[in-house]
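Q: Here it is, the structure in full.
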Amino acid sequence: MFKHLGPAVEGVLFKTEKKVNKKDILIKVKKIVSEHLGVEESKISEKSHFVEDLGADSLEMTELHMAFEEKFGIKVSNDEAEKLMTVGSVVNHIVNHHNDKSANETIYLSGDYGDEKSAGYADPGYQKDKKPRYPTKRDGEYDEERIRAAWNYIHKAKNRKPYTEEQLKHIEDVIISAWKIAIDKDGPPSAKKD
């Protein structure tokens, strides 16, 4: 389904090779729901209604939508949030979002894959000193100022020299993903495809 492109910062960077698998997304969504609502995964199905079946209140619904946004690199508008009231509706929204993307677009699924030292950095430590570089977060939250600075900095010729093309692609993809989550769903202007 996905080809892993190397170590990631906050999650895993993948190159899509075919459509996102609905079953895989369901497993991840059930895990998030279980962790946030304290409900056993075995009690959660696609038909489970967050409020009526799983007992979520409005704050928990907001937290769930935020968790889905971060985990799957999507945005949930207020209008969409009102419609995403079952596990299945969330899964379908995520699958549709990713399957609408170009078949060869790189996507970044955040999650439990990065290590603590490099969390929040676009460069997890590629250079000789192994120090992470290009922070995209401040105090655990995506930070617009840092994301913009990382994007501008990595596009200076002297800062690109220590990296291979694959490493540069990874760094840019992580920054673009952070940009899409925190600033603009379309990414930085110079990264938009016509």
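A short reminder: the numbers here are calculations on the coordinates, not readings from a lab. Being a predicted model, the structure only gives us computed values, none of them experimental. All Cβ positions, even for glycine, are placed from backbone atoms using ideal geometry, and neighbour counts span all protein chains on display.
Q: Where does the charge balance sit around Val51 when Lys and Arg score +1, Asp and Glu -1, over other residues with C-beta under 10 Å from its C-beta?
A: My count for the surroundings of Val51 gives -4.
Q: Quick one: order Asp79, Asp143, Asp173 by neighbouring beta-carbon count within 10 Å, fewest to most.
A: Asp79, Asp143, Asp173
Q: Here's another thing I want to ask about it. Neighbour counts of other C-beta atoms within 10 Å: give me Val95, Val87 arranged from fewest to most. Write down the numbers at each step before the final one.
A: On the way: Val95 19, Val87 22.
Placing the least packed residue first, the sequence is Val95, Val87.
Q: Would you kindly derive the ³J(HN,Hα) couplings of the range 61-71 from the backbone phi angles with the Karplus curve 6.51 cos²θ - 1.76 cosθ + 1.60 (θ = phi - 60°), listing them in order in whole Hz, with x for Gly and Pro?
A: 5, 4, 5, 4, 4, 5, 5, 5, 4, 5, 5
Q: I need Ile27, Ile32, Ile175 ordered by Cβ neighbour count within 10 Å, fewest first. Write out the running numbers ahead of the final one.
A: Values: Ile27 12, Ile32 20, Ile175 29.
So the ranking, lowest neighbour count to highest, is Ile27, Ile32, Ile175.
Q: Go through 154-161, 36-43, 66-73 and give me the packing order, highest mean Cβ count within 10 Å leading.
A: 66-73, 36-43, 154-161
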